[in-house]
Amino acid sequence: MNNRIFLVSLLLVCLVACKNNDKKAADSDNPPEIPAAQSFSDDYFFKTLEGSIAGKPIIMHFLKTHEGVDANYYYTDQGQTIFLSKDWSKTPGDSIYLLEVSNRTSEQSPTLAMAIHEDGVKGIWRSGDGKTTYPFELKESTSQPALHFNAASYIDSAQYLKFKTDTPTLKSSVTLVRATDDNAGATWLNSQLKQIITNGNKKFDGLSLPQTAAALVKDMVEGYNADVDSSIVGIDKKAPHYFLNREYQTLSNIIYNENGYVTLSVFNYAYTGGAHGNHGTAMYCFDTGTQKHLSLQDIVYIDSLKAAELLEKYYRQQYNIPLPTPLDQSLFVKNLAPNNNFYFGPAGLGFVYVPYEIAPYASGEINIWIPFSELKPYLNPEFAKRMKL
């Protein structure tokens, strides 16, 4: 099962006993000052890290939140994005335990155990079978990115106190990367991210990106009692009220940040009652120089049949689906088609399909990566030139 599904399910259990003791309450009118330069000792920060695993150079995008870590990395000679998720089977202590979620051909995923130090992170990479380990040390990257970023993170909770038997709880968090450069590209990108997280709601006009993030958290907290009041008409007040717990999470991170391009992921999760919450990752590709949200045609010119052929080829390879097996034995569809939820790294193009889009909820997100070597005849010439392909 997708690790993020397990993560959010565990959060629901925790909500039952949760107390309103968060140290970082959101105040949209006066959010805490966010320094442009964040350190590894801060409660939250964003860093692009570089180092090597098994002697192979890597780039890692590392987002520390109030409560955990979101990270992804790629080997510079391969370029495929490897997404990381928290390993809930490990006792955290002072260490961070992460699972690779890009290896879909085996139930045994490689793991990274690491600790944050004053100038970077150090840890151990372990193969899925546990037989091979490599120590690694990552420090802040010295390469020139398209834009520089830091993190803005807000979290708060609320309780519904009108029941005698139990106390439903809401928890809301928004953690974002924010461009810090003093130029038009950074200002434009931050405005794009603001539009994404607010769905263009004009209520937040005039607020900065951090102020908007804080306001979203505050709105959820202040509206919780009214939400529960409207949900309990006809409900036995003595019955367990776990279905009235609420969880809202927004989390953005960098996927790629070079050659004037920035690729962002925005993960959203919401539990509003029922057997499970809903979640999904949206991908956004931007040209910060021309201030353009890229379409698929800005990257590849490819006909639908060829695209379907390549998607099926790499879906079968990455999810270990033998060629004779029809796709609709594991998916809702007989043929795969590209969608608008795509991303790219230095060596390939990925497509993300959220739960229920083409597969059951239990399958999690379907993430299909196609290397640029397969797409070379179809690449947009301007894109290929910029990416040095």
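Every read-out reported here was derived from the displayed coordinates using simple, explicitly stated rules and does not represent laboratory data. Only a predicted model underlies this, so the values are computations on that prediction, with no experimental measurement involved. Cβ coordinates were reconstructed from backbone atoms using ideal geometry, including for glycine residues, and neighbour counts include every protein chain displayed.
Multiply the residue gap between K56 and T187 by 0.36 nm, knock off their C-alpha separation, and tell me the result in nm, one decimal place. Mind showing how you got there, number by number?
On the way: separation 131, 0.36 × 131 = 47.16 nm, distance 3.50 nm.
Full-extension gain reported as 43.7 nm.
Hey, what do the phi angles of the stretch 130-136 turn into as Karplus ³J(HN,Hα) couplings, whole Hz, using 6.51/-1.76/1.60 and θ = phi - 60°, x for Gly and Pro?
x, 8, 10, 10, 9, x, 9
With a cap of 15 neighbouring Cβ atoms within 10 Å, and only residues DSSP puts in a loop, list the GluC sites (Glu not before Pro) found in the stretch 45-117. Write out the running numbers ahead of the final one.
Working: sites: E50, E67, E100, E107; in loops: E67, E107.
Taking the stretch 45-117 and a limit of 15 other Cβ atoms within 10 Å, the loop GluC sites (Glu not before Pro) found are E107.
Give me the extension gain from F163 to Q108: residue separation times 0.36 nm, minus the current Cα-Cα distance, reported in nm with one decimal.
Fully extending the segment from F163 to Q108 adds 15.4 nm.
Tell me, what ³J(HN,Hα) does each residue in the stretch 157-168 have, in order and in whole Hz, if you take phi through Karplus 6.51 cos²θ - 1.76 cosθ + 1.60 with θ = phi - 60° and put x for Gly and Pro?
9, 8, 10, 9, 9, 8, 9, 8, 8, 7, 10, x
Report relative contact order for the stretch 150-293 in percent, whole number only (criteria: Cα-Cα under 8 Å, sequence separation at least 6).
Relative contact order here is 24 percent.
Return the calculated 222 nm mean residue ellipticity for the chain, to the nearest 500 deg cm²/dmol, obtained by summing -39500 (n - 2.57) across DSSP H runs with n ≥ 4 and dividing by the residue count.
Working: 7 runs with 77 residues, N = 389.
Taking each H run of at least 4 residues, the total per residue is -6000 deg cm²/dmol.
Holding the Cα-Cα limit at 31 Å, pick out from K171/K334; K64/K218; K122/K313; K47/K171 the pairs that are longer than that. Numbers along the way, then the final one.
On the way: K171/K334 39 Å; K64/K218 21 Å; K122/K313 37 Å; K47/K171 26 Å.
Violating the 31 Å Cα-Cα cut-off are K171/K334; K122/K313.
Quick one: grab Rg to one decimal and Dmax as a whole number for the stretch 150-293, Cα atoms only, in Å.
Final numbers for Rg and Dmax: 18.1, 60 Å.
Residue by residue through the stretch 274-285, which ³J(HN,Hα) values in whole Hz follow from phi under the Karplus form 6.51 cos²θ - 1.76 cosθ + 1.60 (θ = phi - 60°), with glycine and proline marked x?
Taking θ as phi minus 60°, the curve returns x, 6, 7, x, 10, 8, x, 10, 9, 10, 9, 10 Hz for the stretch 274-285.
What is the gain in length, in nm to one decimal, between H293 and A308 on full extension, counting 0.36 nm per residue of separation less the C-alpha to C-alpha distance?
Working: separation 15, 0.36 × 15 = 5.40 nm, distance 2.38 nm.
Full extension from H293 to A308 adds 3.0 nm.
Taking the stretch 296-338, which chymotrypsin sites (Phe, Trp or Tyr not before Pro) meet the DSSP loop condition and have no more than 16 other C-beta atoms within 10 Å? Could the numbers behind the result be given before it?
Details: sites: Y301, Y314, Y315, Y319, F332; in loops: Y301, F332.
Of the chymotrypsin sites (Phe, Trp or Tyr not before Pro), the ones in loops of the stretch 296-338 whose Cβ has at most 16 other Cβ atoms within 10 Å are Y301, F332.
Which trypsin sites (Lys or Arg not before Pro) in the stretch 67-157 pass both tests, a DSSP loop state and at most 15 other beta-carbon atoms within 10 Å?
Here the trypsin sites (Lys or Arg not before Pro) that fit, given the DSSP loop and packing criteria, are K90, K131.
Search the structure for amide H atoms under 5 Å from the amide H of G348, placed 1.01 Å from N in the peptide plane, and list their residues when 5 or more places away or on another chain.
Amide H neighbours of G348: F372.
Considering Cα pairs under 8 angstrom that are at least six residues apart, work out the relative contact order of the chain and quote it in whole percent. Show your work: numbers first, answer last.
Details: 765 pairs, mean separation 58.9, N = 389.
Value for the chain: 15 percent.
Can you check how the C-alpha radius of gyration of the chain compares to 2.2 N^0.38 Å, as a plain ratio?
Dividing the Cα radius of gyration by 2.2 N^0.38 Å gives 1.01.
Non-local amide H neighbours of L294 (under 5 Å, H modeled in plane, Pro and chain starts lacking H): which ones?
C285, F286, D287
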